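Chemist: Take a look at this one; I'll ask things after.
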Amino acid sequence: MTHSDAEPPPPPAREAASAASPAGGDPRRWSYVVLVFLTLGAGAMDGVAFLALGGVFTANMTGNLILVALVGGENWQIRVIRSGLACVIFSLGVFIGFKMPDRGRGNEAWPLAVTRLLWVCLALHVVFLTGWILCDAAPGPSSTLLLIAVASCAMGLQAAAARRVNVAGITTTFVTGTLTSLLQSLASRRTADTLRRAVIVLALAVGALCASLVVHLAPLWAGAVPLLLTILAPVTVVTRLRPRRARRPPTGTAG
């Protein structure tokens, strides 16, 4: 049988497109939904940390850098240590998040490394909640440092994951840049991604509000708020962004 008589192989581009097709439809839309859930969780974590861990941020490092540089006031040395610890651990989490290799198939609509980062973040949230409950929502000095470290690491990994997704330049642990982009688009009357950015800014505040209410009304369960909000992110990835397996073409019989 000559080469011209052979049956042509299926087009590779179509096969790749089929493998990359996510189970839930438009990957950009669901990627954004994941970022919204992560932002809610980050706001909640910062709310718990600021109200119950000595006025420290575990997601918003801009605020921590200012706190580290503020000398004076009551117990300022403790504040500097806690804020400095949060900055260092957060930075370590970001570095690890960017160094994690993506060994998944290159045609996937959602990076496999980001999914792994989200599961690690979720595990750290569970560790945080466990420590929070064990200290009866009233951590001592050593427990406070440990909880700050765990939460900051989770937020650092989350920040790297969100940046690797890269939807409209949106971040989930701090929204100063997102707010600036939102106001820029409003001033220049460019409506692209305006609503998405506005929702992200609002989500951070809503997450912090939810956590603060639980801190005051049911302190023992405050540590569960970031976990419950964040868990929706990997669930969305699994249910909506997992790629479908390409169907193999039927094999012909030799004649």
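Bear in mind that the values in this text are calculations on the coordinates, not laboratory data. Keep in mind that what you see is a predicted model, and the values were worked out from it rather than measured. No Cβ is skipped: glycine too gets one built from the backbone with ideal geometry, and neighbour counts run over all protein chains shown.
Chemist: Farthest toward the dipole's positive end in the stretch 113-196, which of 171, 135, 145, given Cβ charges of +1 (Lys, Arg) and -1 (Asp, Glu) about the Cα centre?
Modeler: 171
Chemist: Suppose the chain between residue 187 and residue 126 were pulled fully straight at 0.36 nm per residue; how much longer would it get relative to their current alpha carbon spacing?
Modeler: Full-extension gain reported as 17.8 nm.
Chemist: Which distance in nm do the two modelled labels at residue 138 and residue 26 give, with both placed 7 Å along the Cα-to-Cβ direction?
Modeler: Once both label points are built, they end up 5.1 nm from each other.
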